1. Any chance you could count how many residues in the stretch 173-207 are on the phi > 0 side of the Ramachandran plot and at pLDDT 95 or above?
2. Go through the stretch 74-83 and give me each residue that's open to solvent by less than 40 Å² (accessible area, probe 1.4 Å) and under 21 Å from H192 (Cβ atoms).
3. Find all pairs meeting these conditions: Cβ atoms under 8 angstrom apart; at least six residues apart or on different chains; first residue within the stretch 79-97 and in contact (Cβ under 8 Å) with a residue 12 or more places away in the chain; second residue surrounded by fewer than 12 Cβ atoms within 10 Å (Cβ to Cβ) and part of a loop (DSSP other than H, G, I, E, B).
4. For the stretch 100-110, does any single residue satisfy the condition of being open to solvent by 50 Å² or more (accessible area, probe 1.4 Å), in contact (Cβ under 8 Å) with a residue 60 or more places away in the chain and among the hydroxyl-bearing types (S, T, Y)?
5. Only one of L61, L46 is farther than 26 Å from C183 by Cβ, touching a His at 6+ places or on another chain (Cβ under 8 Å) and of a type outside the set (S, T, Y). Can you tell me which?
6. Where residues in the stretch 19-56 are farther than 18 Å from Y76 by Cα and assigned to a loop (DSSP other than H, G, I, E, B), which of them is least open to solvent (accessible area, probe 1.4 Å)?
7. Identify, please: which residue in the stretch 175-227 is open to solvent by less than 20 Å² (accessible area, probe 1.4 Å), of a type in the set (G, A, S) and not in a strand (DSSP E or B) and is, among those, farthest from G107 (Cα to Cα)?
8. Among L27, L6, L23, L115, which is the only one that is among the aliphatic types (A, V, I, L, M), more than 21 Å from E171 (Cβ to Cβ) and without any contact (Cβ under 8 Å) to a residue 60 or more places away in the chain?
Amino acid sequence: MKVEALFISDVHLGSRGSNAKQLLEVLKNHNPETLFIVGDFIDGWLLKKRHYWNQDFTNVLRKVLSYTKKGTKVVYITGNHDEFLRHYSPSEFGENITICDEYIWNGYLITHGDLYDGVVQLRWLGMLGSVGYELAINIDRFMKRLGYKRSLSRWAKSKVKNAVKFITDFEVQLAYQARKRNCKGVICGHIHHPEIKTIDGIHYVNCGDWIENNSYIIFEKQLTLHQYVSKI
């Protein structure tokens, strides 16, 4: 399917929780003029601690590169988990790959969101949360095989986010950053919560993630939120 733009965030290649195989199906079914990768595509934090890489991760990278060879422009917005790329930002690789920390497109500020999250500014706390979150995901999947339906990882993340709510209201802050740049909206990721809504007159769009929600955004006349659905 040919679309004007496709947005994905928080794929976390390198994490055992990443649903790269499902993402590959979505990429194969879409032919975007522009692919926006809105941060945390590669989980550098986890890869620093231990090496975990599978064929699905490689296949996703190959698909993204094959896009560029066919004329698709890839805009890679850096996030906190792939912050190692910020040493090279902004950069252009060939004609069709751009790496940057933020991007303005069609009146939208595109940013991962971690730069405005007070929790991640405390980097050691963010890294501790990252490792704990992956552990919760692994336990969660084991519990589901035993028949339990409640998501431990979702519950744990919700509790952490509620506990630090006094530090920042992520969505309101992102809307403020968009308004500050005279943008009509913001497209982000980071908090793994897919949503499209209006905040104080600003169009707020969160791409979600490929850990729990398997969500993505498509632009074809308007921005729409989608979730991967297995064909089986």
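The values are calculated or read from the model by the stated rules, or taken from the named source; none is laboratory data. What you are looking at is a predicted structure, and each value in this text was computed from that prediction instead of being measured. When we count neighbours, we look across all protein chains shown, and the Cβ atoms used for this are built from the backbone with ideal geometry, even at glycine. Surface accessibility is based on the protein's heavy atoms, side chains included, excluding ligands, DNA and RNA. Shrake-Rupley method; radii C 1.70, N 1.55, O 1.52, S 1.80 Å.
1. Summing the residues that are on the phi > 0 side of the Ramachandran plot and at pLDDT 95 or above in the stretch 173-207 gives 2.
2. V75, Y76, I77, T78, G79, N80, H81, D82
3. Every condition considered, the pairs that remain are N96/G71.
4. yes
5. Criteria check complete, one pass: L46.
6. Per the stated criteria, the residue is N19.
7. Of everything passing the filter in the stretch 175-227, G208 is farthest from G107 (Cα to Cα).
8. L27
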